[in-house]
1. Tell me which residues, restricted to region C:163-206, are free of Cβ contacts under 8 Å to residues at least 40 places away in the same chain, outside any helix (DSSP H, G or I) and at the interface with another protein chain (Cβ under 10 Å from one of its Cβ atoms).
2. Quick check on region C:56-70. Is at least one of its residues more than 12 Å from chain A (Cβ to nearest Cβ) and either free of Cβ contacts under 8 Å to residues at least 40 places away in the same chain or on the phi > 0 side of the Ramachandran plot (or both)?
3. Name, by its number, the condition in (1) surrounded by 11 or more Cβ atoms within 10 Å (Cβ to Cβ); (2) over 19 Å from C:Asp141 (Cβ atoms); (3) among the hydrophobic types (A, V, I, L, M, F, W, C) that does not hold for C:Leu32.
4. Only one of (1) of a type outside the set (Lys, Arg); (2) within 22 Å of B:Leu54 (Cβ to Cβ); (3) surrounded by fewer than 20 Cβ atoms within 10 Å (Cβ to Cβ) fails for B:Gly259. Which number is that?
5. Looking at region C:130-162, which of the residues that are part of a helix (DSSP H, G or I), of a type outside the set (A, V, I, L, M, F, W, C) and within 10 Å of another protein chain (Cβ to nearest Cβ) is farthest from C:Ser117 (Cα to Cα)?
6. Can you tell me which residues in region C:160-209 are hydroxyl-bearing (Ser, Thr, Tyr) and surrounded by 24 or more Cβ atoms within 10 Å (Cβ to Cβ)?
7. Do the conditions hold for B:Pro110, that is, is it buried (at least 19 other Cβ atoms within 10 Å of the Cβ) and in a loop (DSSP other than H, G, I, E, B)?
8. So if I check each of B:Glu80, B:Glu113, B:Glu72, which one is away from chain C (no Cβ under 12 Å) and of a type outside the set (Val, Ile, Thr)?
Amino acid sequence: MNRSRFDFAVGLFVAIGLLAMAFMALKVGNLAGFDSGSGYAIEARFDNIGGLKVRAPVKSAGVVVGRVESIGLDAETYEARVLLRIYPNYRFSKDTIASILTSGLLGEQYVGLESGGDPVYLGAGDRLGKTQSAMILEKLISQFLFSKAAETPAKAP
Amino acid sequence: MTSFHESEMIALKDVCFSYADRPILNGIDLTIKRGEIIAIMGGSGGGKTTLLGLIAGRLKPQSGSVLVNGFEVPKLRQTELYGLRRKIGMLFQFGALFTDLNVFDNVAFPYREQTNLPEEMIRTLVLLKLEAVGLRGAKDLMPAELSGGMARRVALARAVALDPSVMLYDEPFTGLDPISVGIIGRLIKRLNRALGMTSVIVTHDLNETLRLVDRVVVLSQGKIHRDMAPEEIRSTDDPFIRQFADGLPDGPVPFHYPGRDYWSELMGQ
Amino acid sequence: MSAYFIRLISTLGHLVTSRIDRLGLVARFAGLLLVSLRIALGRLSLIFREVYFSGVRSLSIVAVSGLFVGMVLAVQGYEVLQRYGSAESLGVIVALSLVRELGPVVTALLFAGRASSAVTAEIGLMRATEQLAAMDMMAVDPISRVVAPRFLAAVFSMPFLAAIFSTAGVIGAWIIGVKLIGIDDGAFWSQMQANVDVRIDVLNGLVKSIVFGTSVGLISVFEGYFAAPTAEGIATATTRTVVISSLSVLLLDLLLTVMMFRGLS
């Protein structure tokens, strides 16, 4: 019987396949730090979140420290309610400022955290006091144009 | 309930079978006793192979009853049918050997699938069966390396592996040289006597068949045309059997396929 | 004129009814197959044999194709990305394309051409030469002995092959991007890791490939089992396997993609 030959080849095949799956899980994706269930959630409110998406990174000093878990609208204040899931090994002070930033000129948007000096740390479910909304390109441009128009009155005759 | 006699191995009562609306068998009554070898003959497409299919339970008749070893075959469920089939061997027209297994593994197949015998005992049994068909020396060959006659003999060894009580042969002589025909014929007879089987042979080969069977059933147009001893076949003046036995091109079985009148078709009318 | 219309309508009707007939046959066959899986799973050596012929023998073509596809993606992706100054994202683009789409889909297409067509031809020939009938006469159910192991082998092999395809592709992209073009090695991997989610991307890709394996496997054994027992019949069945498998993979991919990635952006 050739059974042993099949067994060996199939075993090898499965081993290579599992290795490839492990490669995808650990090297291509990052299984280690990106468990969406772990960590704690904090809430931040913004006037405008621009193009922020669920799963966008939360960074502090350029290091990814969490992910955007959900985005909603507060029906009374008309503020955007963004839930951030922070990895359990990072802690931030109570007076941390969250701002929505863009990587590169047209890149994806992410939440930047800038820790303050408060000795009390943020816990699960806490709300960030200070936030800075996304910069909306159209608003910037119109602001710029208005101020230009105000600077140079009636240049033309 | 149909009556059943101990001496009857196979009993068909008023069996009708048709494919879609094309009738194949139309009221067949046939009884085969234990230990008998019978031949079923008839023109091509006359329902001979269909008859084997009905006995084996591969086909279900539209009406009538098929009793094999006392079991009403069309009414059996899959597991019961498989239970019965362990007692039925079948030799297919071209052997139907498993092309991915060698000769030994082909003959070992029924033992490995149907029994829990240890491998050494299977080896002994397989060599025994291969010896009986004279092909023990060919046990390591693949089916593709066998001649038609050898393949048929291996298939025969495989079919009788579990010592069936009924053997069905579908055209066992077709496409073989005269020597192989003789060998297969002798094996069929010898196995039938040695294992006390009941054999049903579907065949065109008159000469070889008449030498080994107890009875010949001639089918024509979905009915049993004649049921007679082999000696009678040689002497009968029945026109259909004469045409069949003497190989006459025209007779009760017409040379021409039915069509429009020749003259009017030629003239385009 | 009206006779012409009647013929047109009835041709259309026949087209529909014959498809539905065939679907019914597929459903009945799938039912039989499902029932026989329990018996087939009891004999792993039979399945391993088919995994060897379908899966292991497809390994080299899948790995080499993956490598080339990854390399091409890297060249094309780099060409576009460097215009926007984000060549470091090359790893992300390539990995996401492979893991989400190209890995499962191209592997299934290759498998249909390389392995499933052979399975169809094999089963079709076994029917034509009465091997299936002989098995049935020996009280061995051909569906659990011949059909089910081949079907299971396809379902089993596909995720492994897809993972191997994607891995080879990422390595191919790495060779082109990092070794030849000179993108930063660290940026290549870290960007990839930051943007490829194990659950959403990798796991969903594997789920896709299992679904494709089921579909391609079922089609190949069905077409073989019901192939007309002639040379032409087997040729037709083999062609049908490749065509129908490929179309079903692409259609299922669309459905699965819509289902899986709908809520994400």
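The values are calculated or read from the model by the stated rules, or taken from the named source; none is laboratory data. Predicted model only: the values in this text are computed from it and were never measured. Backbone-built Cβ (ideal geometry, glycine too); neighbour counts: all protein chains shown.
1. Result: C:Asp197, single match.
2. Within region C:56-70, not a single residue is more than 12 Å from chain A (Cβ to nearest Cβ) and either free of Cβ contacts under 8 Å to residues at least 40 places away in the same chain or on the phi > 0 side of the Ramachandran plot (or both).
3. Status for C:Leu32: all satisfied but (2).
4. That leaves (2) as the condition not met.
5. Narrowing region C:130-162 to residues part of a helix (DSSP H, G or I): C:131-137, C:142-162.
Add one more test, that the residue is of a type outside the set (A, V, I, L, M, F, W, C), and what stays is C:131, C:136, C:142, C:144-145, C:149-150, C:157, C:159.
From what is left, the residues that are within 10 Å of another protein chain (Cβ to nearest Cβ) are C:131, C:136, C:145, C:157, C:159.
Numbers: C:Gln131: 19, C:Asp136: 24, C:Arg145: 19, C:Ser157: 15, C:Pro159: 19 Å.
Once the filter is applied, the top-ranked residue is C:Asp136.
6. C:Ser166, C:Thr167, C:Ser209
7. Working: buried (at least 19 other Cβ atoms within 10 Å of the Cβ): yes; in a loop (DSSP other than H, G, I, E, B): no.
Against the criterion (buried (at least 19 other Cβ atoms within 10 Å of the Cβ) and in a loop (DSSP other than H, G, I, E, B)), B:Pro110 does not qualify.
8. Numbers: B:Glu80 fails: away from chain C (no Cβ under 12 Å); B:Glu113 fails: away from chain C (no Cβ under 12 Å).
The unique qualifying residue is B:Glu72.
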